[in-house]
Amino acid sequence: MTRIGVLALQGDFREHITVLRELGAGAFPVRLPSDLDGVDGLIIPGGESTVMGKLMVAYGLDQPLRDLIAGGLPVWGTCAGLILLSRETDNALAGQPLLAAMNIRTCRNAFGPQRASFETLLKVPALGETPYHAVFIRGPVVEQAGEGVEVLARLNDDETAGETLNSSGPIVAVRQGPLLGTAFHPEVTGDTRFHDYFLGIVREQARSQ
Ligand code: GLN
């Protein structure tokens, strides 16, 4: 059985664990470095990236995570998790720890305060034709996606735009090899396509190693 760890220091890790189990994957919380033994993939949930980053350092998880990522571990960061995966973030608090795994610059709280949270339909060609219902909760955007980064979705205010992604909207979902990042919260909508997509990446990576 595929074993997915979900970083459980803070944020909405329970919702991810529930979805993964519904999909038949093994899912368990990761709080200590020893919890990472034997994981096939890891999800870093939404929450507060400053708090999560500090707790990651306090629990001695930051270096083991960097080492596993360097070794090819598939990791999916949602919202705060996406911020933690980025190489650089605007609006960072001084000394905010980042895993710096993805070649992206994010902007924290890009849409303003909590009350500016919103829901929208996204085109995500990697998931098929049906638009994806995305929930943004004080989310970031990807301001810059560098070499090796595939853009999976952009915020698109023109629902009638063609099959391809509108090149002008802010980037909200990215992939870099086995690393996946979404600025929104796929664990709260009941649409499991992003979790399925990540499990596909995990299986693909397991086969290639
Ligand atoms: N605003 C949060 C941060 O900067 C992210 C919000 C979320 O994960 N829903 O970490």
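General observations
- Those residues of segment 104-115 which are more than 11 Å from the ligand (Cβ to nearest atom) and closer than 16 Å to residue 183 by Cβ, in sequence order: 104, 105
- For segment 1-23, the set of residues classified as part of a strand (DSSP E or B), away from the ligand (no atom under 14 Å from the Cβ) and not β-branched (Val, Ile, Thr) consists of 3, 5, listed by residue number.
- Scanning segment 55-86 for residues that are in a loop (DSSP other than H, G, I, E, B) and touching a residue at least 24 places away in the same chain (Cβ under 8 Å) yields 59, 60, 61, 72, 73, 74, 79.
- Breaking point among (1) at pLDDT below 95; (2) surrounded by 19 or more Cβ atoms within 10 Å (Cβ to Cβ); (3) touching a helix residue (DSSP H, G or I) at 6+ places or on another chain (Cβ under 7 Å); (4) part of a loop (DSSP other than H, G, I, E, B), for residue 89: (4)
- Hits in segment 1-57 (condition: β-branched (Val, Ile, Thr) and farther than 18 Å from residue 194 by Cα): 30, 39, 50, 51, 57
- Checked across segment 70-78, the condition of being within 11 Å of the ligand (Cβ to nearest atom) and of a type in the set (A, V, I, L, M) holds for no residue.
- In segment 51-67, the residues that are within 13 Å of the ligand (Cβ to nearest atom) and crowded, with 16+ Cβ neighbours inside 10 Å: 52, 53, 54, 55, 56
- Just one of the listed residues (87, 31, 3, 21) is of a type in the set (D, E, K, R) and touching an Asp or Glu at 6+ places or on another chain (Cβ under 9 Å), namely 3.
- Leading residue by the ranking (nearest to the ligand (Cβ to nearest atom)) among those in segment 24-50 that are buried (at least 20 other Cβ atoms within 10 Å of the Cβ), more than 13 Å from residue 183 (Cα to Cα) and in contact (Cβ under 8 Å) with a residue 60 or more places away in the chain: 43
The values are calculated or read from the model by the stated rules, or taken from the named source; none is laboratory data. The structure displayed is predicted, hence computed values, not measured ones. When we count neighbours, we look across all protein chains shown, and the Cβ atoms used for this are built from the backbone with ideal geometry, even at glycine.
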